[in-house]
Amino acid sequence: MNVEYRVLGSLEVLRDGVPISVPAGLGRVLLATLLLRPNQFVSVDELVDRLWDGEPPTIDRAHKTLQMVVRRLRMALGDANCVRTTTGGYLAEVDPDRLDLTRSRRLAAEGEFAGALAHWRGPVASNVDSSHLHREDVPPLVEERLVVHGRRLDADLARGRGAELVEELRELTREHPLREGFWAQLVQALHQAGRPQEALAAYEQIRDHLADELGVEPGQPLRELHERLLDPAS
């Protein structure tokens, strides 16, 4: 039996490539919370907080409901069940090669940035209805993905592929207008593509945007890049 767990997109469990129906509602919140912290203990109190978005019923009722949710989830997963009971809580016991999150992290650590990004199918746990989970657990993963994306772009720029990256970087700077790293990469990509005036215009755009939105100047790396473009011989 080959079981695969996915959280980098909609929450999914596949057995031999066939999706298993994961109970909606609290069952999905429970499984997503555990899989986002693979092989790590999560206390009953924290799970209760996640399942009821910080507004649980009475403690006794919440704990009994949690136990029921665990039983139903285990039944639904069958031989693909990964939920283990520990003292005072639960954990998702998963082989790192069976979870897209841990596979992506391993590839990123090995410098395989494109492969790491390929595991992302969309917004994290997009079919899980939990404002607490999306507010607390998802943003750090979004930031993690952006860092990996930046490293992949750095690697491509180091190979002189700037001309191929311009449109991708324009889209990224539209989505993340205050993220200086993407602007610096856009400036470099335009310069590599033989479009120096557009590179300087991009620098001026982020400089003005930072001044208007935050009242600050670009950081030192971006300023130094600008100076090199103005004086290539320096």
Check your understanding: Just one of VAL148, VAL138, VAL142, VAL124 is closer than 26 Å to LEU30 by Cα, touching a helix residue (DSSP H, G or I) at 6+ places or on another chain (Cβ under 7 Å) and touching a residue at least 12 places away in the same chain (Cβ under 8 Å); which is it?
Key -> VAL124
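Looking at GLY88, GLY115, GLY111, can you tell me which residue is open to solvent by 10 Å² or more (accessible area, probe 1.4 Å), of a type outside the set (A, V, I, L, M, F, W, C), in contact with an Asp or Glu (Cβ under 9 Å, 6 or more places away or on another chain) and more than 17 Å from LEU14 (Cβ to Cβ)?
Details: GLY115 fails: in contact with an Asp or Glu (Cβ under 9 Å, 6 or more places away or on another chain); GLY111 fails: in contact with an Asp or Glu (Cβ under 9 Å, 6 or more places away or on another chain).
When all the criteria are applied, what remains is GLY88.
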Exercise for review: Of the conditions (1) open to solvent by 70 Å² or more (accessible area, probe 1.4 Å); (2) touching a Phe, Trp or Tyr at 6+ places or on another chain (Cβ under 9 Å), LYS64 clears all except one; give me its number.
Suggested key: (2)
Study note, to complete from the structure: Of the residues in region 17-44 that are within 18 Å of VAL3 (Cα to Cα) and among the polar types (S, T, N, Q), the one that is modelled with the highest pLDDT is ASN39
Check your understanding: Which pairs do you get when a residue that is touching a residue at least 24 places away in the same chain (Cβ under 8 Å), found in region 7-27, comes within reach of a residue that is basic (Lys, Arg) and in a loop (DSSP other than H, G, I, E, B), reach meaning Cβ atoms under 8 angstrom, with the pair 6+ apart or on two chains?
Key -> LEU8/ARG121; GLY9/ARG121; SER10/ARG121
Point to revise | Number of positions in region 20-45 that are under 19 Å from the mean Cα position of the chain (by Cα), open to solvent by 50 Å² or more (accessible area, probe 1.4 Å) and of a type in the set (S, T, N, Q) | key: 2
Review point. Of the residues that make up region 212-221, is at least one under 24 Å from GLU171 (Cβ atoms), among the charged types (D, E, K, R), open to solvent by less than 80 Å² (accessible area, probe 1.4 Å) and within 30 Å of the chain's Cα centre (by Cα)?
Key: no
Exercise for review: May I ask you to say which residue of LEU172, LEU153, LEU133 is touching a Phe, Trp or Tyr at 6+ places or on another chain (Cβ under 7 Å) and crowded, with 19+ Cβ neighbours inside 10 Å?
Suggested key: LEU172
Practice item. Out of the residues in region 1-13 that are open to solvent by less than 20 Å² (accessible area, probe 1.4 Å), out of contact with any Gly (no Cβ under 9 Å at 6 or more places or on another chain) and not hydroxyl-bearing (Ser, Thr, Tyr), state the one that is farthest from ALA125 (Cα to Cα). Key: VAL3
Review point. Has region 116-125 got any residue that is charged (D, E, K, R) and under 13 Å from the mean Cα position of the chain (by Cα)?
Key: yes
Study note, to complete from the structure: Flagged in region 122-142 as part of a helix (DSSP H, G or I) and under 14 Å from LEU36 (Cβ atoms), in numbering order, are HIS132, LEU133, HIS134, ARG135, GLU136, VAL138, PRO139, PRO140, LEU141, VAL142
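The values are calculated or read from the model by the stated rules, or taken from the named source; none is laboratory data. Keep in mind that what you see is a predicted model, and the values were worked out from it rather than measured. Quick reminder, even Gly has a Cβ in these numbers, built from the backbone with ideal geometry, and neighbours come from all protein chains shown. The protein model used for the area step is the full one, side chains on, heavy atoms only, and it has no ligands, DNA or RNA in it. Shrake-Rupley method; radii C 1.70, N 1.55, O 1.52, S 1.80 Å.
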